[in-house]
Amino acid sequence: MNAGADLVAQARLVLFDFDGPICSVFAGYPAVRAVTAILRALEAAGFVLRPEWLNLEDPHELLREVAAQLPEAVELVEDALTRSEVHAVDSAQITAGVTVLIDQVTDMGQQWAVVSNNSAESIARFCVRKDFARTPSLTVGRPRGEPHRMKPNPFLLRHALEILRTPARDAVFIGDSVSDIQAGKAVGIPTIGYANKPAKPKLLEAALADVVITSMDDLLSEGD
């Protein structure tokens, strides 16, 4: 086995980020549409949009910006973002190889869980799709109204470990962003960086991911 497969095989608990390692959330519903939906909701509620918000393409970044500059609108933004995410997961593209990996983890008696900056509602909806149909031991989604606790803040990972009563050393976290690796490092969880875009290997290596992979197949034990 390679180093990534070894980390997975040795873990009692395999933690997955959602958008990237499990699916591409906005594959069929572009993220910029979620940004537009949030901006329209803010305007409809009578809030004045800040000029810098109009050029954002990441709805999570917009949520952070609103929380910092217009905290009274956070609940409204949360609602609009969650609606967009729930809609988006219906056309999300499942990451190649992830269902085989999850089945291997389950067959080995390990637990798997999702820890994500996406809403728990959208993750739950995705997991019951007929072409996925797998249920994690736990889903820890974005803390409603508390975007400062999203990764890279280690809060979500710590919460998952506490609920599942698993020491950090007995878990592994698979994420596709620098913020994922930073959160994992802060908790002391071994981290696997999933480089699903050409620029990501160097970024994830620089963030000190324990292992960097380009395919979920890299995490399968020999014979799977």
Residue 49 and residue 3 label points (each 7 Å along its Cα→Cβ direction) are spaced in nm at 4.5
Shape descriptor, the chain: equivalent ellipsoid semi-axes (Cα gyration tensor, sqrt 5λ, whole Å, largest first) stand at 31, 18, 16
By the DSSP-based rule, helices of the chain that are at least 18 Å long along the axis (C-alpha) and have a mean Kyte score of at least 0.0 are 31-44, 74-88
Taking only C-alpha positions in the stretch 41-142, Rg and Dmax in angstrom work out to 16.9, 53
The Cα extents of the stretch 138-224 along the principal axes, largest first and rounded to whole Å, are 37, 30, 19
Among the stretch 58-79, those whose backbone N falls under 18 Å of a label point 7 Å along Cα→Cβ from residue 144 are 63-64, 67, 72-79
P(r) of the stretch 1-87 over all Cα-Cα pairs, 10 Å bins starting at 0, rounded to whole percent, reads 16, 40, 19, 15, 9, 1
Among 195, 209, 68, the residue with the largest mean-square fluctuation in a Gaussian network model of the chain built from Cα contacts under 10 Å is 68
Listed by chain and number, the aspartates and glutamates with an alpha carbon less than 13 angstrom from that of residue 151, same-chain partners under 8 positions apart left out, are 17, 19, 61, 176, 180
In the stretch 138-202, the trypsin sites (Lys or Arg not before Pro) that sit in a DSSP loop and have at most 12 other Cβ atoms within 10 Å of their own Cβ are 165
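Read the figures in this text as sums done on the coordinates, not as results from a lab. Fair warning: this is a prediction, and the values are worked out from it, not measured in the lab. Methodologically, a virtual Cβ is constructed for each residue, glycine included, from the backbone with ideal geometry; neighbour enumeration extends over all protein chains shown.
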